[in-house]
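Engineer: Shown below is the structure under consideration.
The values are calculated or read from the model by the stated rules, or taken from the named source; none is laboratory data. Only a predicted model underlies this, so the values are computations on that prediction, with no experimental measurement involved. Reconstructed Cβ throughout: ideal geometry from the backbone, glycine too, with neighbour counts over all protein chains shown. For accessibility, only protein heavy atoms count, side chains too; no ligands or nucleic acids. Shrake-Rupley method; radii C 1.70, N 1.55, O 1.52, S 1.80 Å.
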Amino acid sequence: MNSKEIRQTFLDFFKSKGHVIVPSAPMVIKNDPTLMFTNAGMNQFKDLFLGNAPIKHPRVADTQKCLRVSGKHNDLEEVGVDTYHHTMFEMLGNWSFGDYFKKEAIEWAWELLTEVYKIDKSRLYVTVFEGSTEDKLSFDQEAYDHWKKYIAEDRIIKGNKKDNFWEMGDTGPCGPCTEIHCDIRTDEERKKIDGKTLVNKGDPQVIEIWNNVFMQYNRDWISPSVMNEMIAWEKTYKGSNFEKDRSKKHSESTKLSYLPAHHVDTGMGFERLCVVIQGKQSNYDTDVFQPLIQTIAKASGKKYGENEKINIAMRVIADHVRAISFSIADGQIPSNTGAGYVIRRILRRAVRYGYQTLEFKEPFIWKLSDVLVEQMGDAFPELKKQRELIEKVIREEETSFFKTLSDGLDKIGNIIAYYINNGNDRVLPGFNVFELYDTFGFPIDLTQLIARENGFTVDMDGFNKHMEDQKNRSRGATGAIGATGGTGSWSSNISTEKEEEISNVIRTTFVGYDQMECEVKILKTRKVQVKAKEQYQLVLDKTPFYAESGGQVGDTGYLDNGTEKISIVDTKKENGVIVHFADKLPKDLSKPFKAIVNETRRTLTEDNHSATHLLHAALRKVLGSHVEQKGSLVNDEYLR
Ligand code: SER
């Protein structure tokens, strides 16, 4: 079977068992603060497990695009070095929401693998949960008893919490799991070493292919203070038993409670399944990756399979172009923060391997997106739809990084050569690292990686010190501009007792959504030096003045108490307090004032603000959900 047939067979099989086939959820998550990327097929069903959303179909199956690059489930630096880890991968899954449980899940898994895909039974092993004293959970006898019907007992292995209790993250739905492992070694090798002894031991040829999780519990922090304690503990604690101690601490800080119903969550690694069915030794030898690898080989004039360094570089690129393309198709453009930064790092890692090992001297990854779209566009139509965007974004990003990379790599190469020749204890000093970062725009994690590859460590303390010094220098620079006066301290217009209260809890009440004028009291004032001019800042108890925010300029207007009129030239927010800028201070601060907004200016500005949202919605509709609002400016004359 080719990979397309393998995927389709999975979906057809579960359809025949009464499952509704649903599309993959996006890989980039925009509405869950606990996750940046979908890391398992079950993410989109989290609320169904927790009983927070109604169950439409009790049986569902799909193929889910997932990304694992850091944290609990993966390490970016390992991808491509071995033959079976990936950043982006597909997870085939069948789900029961309060419907069937262990019996059917096990029976169907076995039927699909051995009768439909016809995988040799003598290559399969299964694991079941042995229980955990930390969490007061017992051995999963039920799963064991079901397995006994299909597989010899000496092929059923008891596994610990790390391998056989699946959790989405530190908190959330979880439960014991049973995994199916496959030994893909040659018969000769299998005779020499019993496959059973290699299960869960990191052997690239005895691999987990399918995980069946029996969702029974929800894990939650016991209280926010315990959670904080846990976070603090993790920050400071470093020791050889970190993993073990962490697990203990985690169990102590959380509690497991039963979910309202029992569910099944399964995840089968599609790329690994293809390896097994196609009789290959590496995921990259299947038809999921070969078209990409062969295109890279042709473009670079190098062969895959002859030299391990070159193999790794090709694997890295073939893996990473998938992660990047799928993210862009989901609307995530490379950037400097959050999910965008993760994507940027992945792309840059691929570019670096291509540049250094495959000797590409100009952008090349963007050319692979065509091959990918041809190959996966039927199963994931978003790739076809966003084809042009994917190509364009990758090309632009690659082009700009190429420049940084070539300058920075020359520089770091010279530095390392210098220290090797001039005897140093293999530590890259902080000032060099800082120069690479500051002058050459060379990412710090890349410096660390290259240093490591050359047997060097990086003096991070030294680097941080230089960063700190630089921050101080720029603070000093700002100070110098304001040296003609700077920002004075607040003087209060109210009694000391009240002053105390205000500095702690003051939050100006904003009434300007409904009112353009109202009666106000002045609470605080201070003098500031703005460029060469003196200005005053005023804090009022309440205000109709809109403070600059989301690109909309602050209101102007005036304060009037019948005898005095003070112009307000701008309004800004500072820590929740609305600050009004005036050219002079009223003579008498004690009397109430009427605060009056320049209504014509505000209304025109509001119109432009609404227009900004309409324009933005139209851009997203026409160009795609990757369009983001950045650097917006909205005033009474125009919008940007
Ligand atoms: N949630 C489990 C996993 O990710 C099974 O789908 O392995």
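Engineer: Which one, His616, Tyr638, His626, projects farthest toward the positive side of the charge dipole computed for region 600-640 from Cβ point charges (K/R +1, D/E -1)?
Structural biologist: Looking along the dipole axis, the top candidate is His626.
Engineer: Something else: Using a Cα-Cα cut-off of under 21 Å, which lysines could be cross-linked to Lys403, ignoring same-chain neighbours fewer than 8 residues away?
Structural biologist: Lys361, Lys367, Lys392, Lys411
Engineer: Using DSSP to call loops (not H, G, I, E or B), can you name the GluC sites (Glu not before Pro) in region 567-634 whose Cβ has at most 13 other Cβ atoms within 10 angstrom? Show your work: numbers first, answer last.
Structural biologist: Values: sites: Glu574, Glu599, Glu606, Glu628; in loops: Glu628.
Those satisfying the criteria are Glu628.
Engineer: Here's another thing I want to ask about it. Ranked from highest to lowest mean number of other Cβ atoms within 10 Å per residue, what is the order of the peptides 197-205, 107-115? Can you show the working numbers first?
Structural biologist: Working: 197-205: 14.9, 107-115: 17.9.
Packing order, densest peptide first, comes out as 107-115, 197-205.
Engineer: Still on this model: Assign unit charges at the C-beta atoms only (+1 for Lys and Arg, -1 for Asp and Glu), then state the dipole size of the chain relative to its Cα centre in Debye, rounded to the nearest 20. Present the calculation step by step, with values, prior to reporting the outcome.
Structural biologist: Working: 87 positive and 94 negative charges, 106 e Å.
The dipole magnitude comes to about 500 debye.
Engineer: What is the angle, in °, between the Cα long axis of helix 387-421 and the longest principal axis of the Cα atoms in the chain? Nearest 10 is fine, range 0 to 90.
Structural biologist: 90 degrees
Engineer: Now, a different point. List the aspartates and glutamates whose Cα sits under 14 Å from the Cα of Lys244, skipping any in the same chain fewer than 8 residues away.
Structural biologist: Glu134, Asp135, Asp163, Glu234, Glu252
Engineer: Moving to a separate point now. Can you give me the % of accessible surface on the chain that is carbon or sulfur? Probe 1.4 Å, all protein chains present, nothing else counted. Can you show the working numbers first?
Structural biologist: On the way: 15610 of 31110 Å².
C and S fraction of accessible area: 50 percent.
Engineer: Right, here's the next one. With θ set to phi - 60°, apply the Karplus curve 6.51 cos²θ - 1.76 cosθ + 1.60 along region 325-337 and write out the HN-Hα couplings as whole Hz, x wherever there is a Gly or Pro.
Structural biologist: Residue by residue, region 325-337 yields 5, 5, 5, 5, 4, 7, x, 9, 8, x, 7, 9, 9 Hz.
Engineer: Angle, helix 496-505 long axis vs. longest principal axis of the chain, Cα atoms, 0 to 90°, nearest 10?
Structural biologist: Once rounded, the angle reads 30 degrees.
Engineer: Next question, about the same structure. Convert each backbone phi in region 535-542 into a coupling constant with the Karplus relation 6.51 cos²θ - 1.76 cosθ + 1.60 (shift: θ = phi - 60°), then list the ³J(HN,Hα) values in order as whole Hz, x for Gly and Pro.
Structural biologist: 9, 10, 10, 10, 10, 10, 5, 8
Engineer: Same structure, new question: Please sort by residue number the trypsin sites (Lys or Arg not before Pro) in region 1-71 whose DSSP state is loop and whose Cβ has at most 13 other Cβ atoms within 10 Å. Show your work: numbers first, answer last.
Structural biologist: On the way: sites: Lys4, Arg7, Lys15, Lys17, Lys30, Lys46, Lys56, Arg59, Lys65, Arg68; in loops: Lys17, Lys30, Lys56, Arg68.
Answer by residue number: Lys30, Lys56.
Engineer: Once Lys and Arg get +1 and Asp and Glu get -1 on their Cβ, which of Gly131, Trp110, Tyr100 lies farthest toward the positive end of the dipole of region 98-141?
Structural biologist: Trp110
Engineer: Normalising by the residue count of the chain, find the relative contact order in percent from Cα pairs under 8 Å and 6+ residues apart. Please list the in-between numbers first.
Structural biologist: Values: 1062 pairs, mean separation 56.4, N = 640.
Reported as a whole number, the value is 9 percent.
Engineer: Would you mind checking the pairs Lys118/Lys302; Lys65/Lys162; Lys46/Lys102 and listing those with alpha carbons more than 27 angstrom apart? Don't skip to the end; give the middle numbers.
Structural biologist: On the way: Lys118/Lys302 36 Å; Lys65/Lys162 24 Å; Lys46/Lys102 19 Å.
As for pairs spanning more than 27 Å Cα to Cα, those are Lys118/Lys302.
Engineer: Also: When the helices in the chain are scored as -39500 (n - 2.57) per DSSP H run of 4 or longer and the sum is shared across all residues, what 222 nm value do you end up with, to the nearest 500 deg cm²/dmol? Walk me through the intermediate numbers first.
Structural biologist: Details: 20 runs with 254 residues, N = 640.
The per-residue figure over the chain is -12500 deg cm²/dmol.
Engineer: When Lys and Arg each count +1 and Asp and Glu each count -1, what net charge do the other residues less than 15 Å away from Asp514, Cβ to Cβ, add up to?
Structural biologist: Details: positive: Lys542, Arg602; negative: Glu517, Glu519, Asp555, Glu599, Glu606.
Local net charge: -3.
Engineer: A further question on this structure: In region 203-246, which trypsin sites (Lys or Arg not before Pro) are in a loop and have at most 10 other Cβ atoms within 10 Å, using DSSP for the loop call?
Structural biologist: Details: sites: Arg219, Lys235, Lys238, Lys244, Arg246; in loops: Lys238.
Sites meeting the loop and neighbour criteria: Lys238.
Engineer: For Leu259, what residues show an amide H to amide H distance below 5 Å, using hydrogens built from the backbone and excluding near sequence neighbours?
Structural biologist: The answer is Tyr217, Asn218.
Engineer: Compute the angle between helix 3-16 and the longest alpha-carbon principal axis of the chain, please, reported from 0 to 90 degrees and rounded to the nearest 10.
Structural biologist: 90 degrees
Engineer: Considering only Cα-Cα distances, which of the following residue pairs are longer than 20 Å: Lys565/Lys594; Lys15/Lys149; Lys527/Lys587; Lys521/Lys587?
Structural biologist: Working: Lys565/Lys594 10 Å; Lys15/Lys149 24 Å; Lys527/Lys587 14 Å; Lys521/Lys587 14 Å.
Pairs exceeding the cut-off: Lys15/Lys149.
Engineer: State whether region 142-294 is rounded, prolate or oblate according to the following rule on the C-alpha gyration tensor (a ≥ b ≥ c being the square roots of its eigenvalues): a/c under 1.5 gives rounded; otherwise a/b larger than b/c gives prolate, and the remaining case gives oblate. If you can, show how the numbers build up before the last one.
Structural biologist: Numbers: a/c = 2.00, a/b = 1.69, b/c = 1.19.
Note, shape of region 142-294 comes out prolate.
Engineer: Moving on. Which of the lysines could a cross-linker bridge to Lys192, judged by Cα under 19 Å and excluding same-chain residues fewer than eight apart?
Structural biologist: Reachable lysines: Lys121, Lys201.
Engineer: Rounded, prolate or oblate: pick one for region 1-102, where a ≥ b ≥ c are the square roots of the eigenvalues of its C-alpha gyration tensor, a/c under 1.5 means rounded, and failing that, prolate if a/b is larger than b/c, else oblate.
Structural biologist: Details: a/c = 2.39, a/b = 1.25, b/c = 1.92.
Verdict is oblate for region 1-102.
Engineer: Would you work out which of Val528, Thr63, Ser327 lies farthest towards the positive end of the dipole of the chain, given +1 charges on the beta-carbon of Lys and Arg and -1 on that of Asp and Glu, about the Cα centre?
Structural biologist: Val528
Engineer: While we're here: Please calculate how many Å² of accessible area region 351-419 carries per residue, with a 1.4 Å probe and no DNA, RNA or ligand atoms counted. Walk me through the numbers before you get to the answer.
Structural biologist: Values: 3300 Å² over 69 residues.
Roughly 48 Å² per residue, with all protein chains present.
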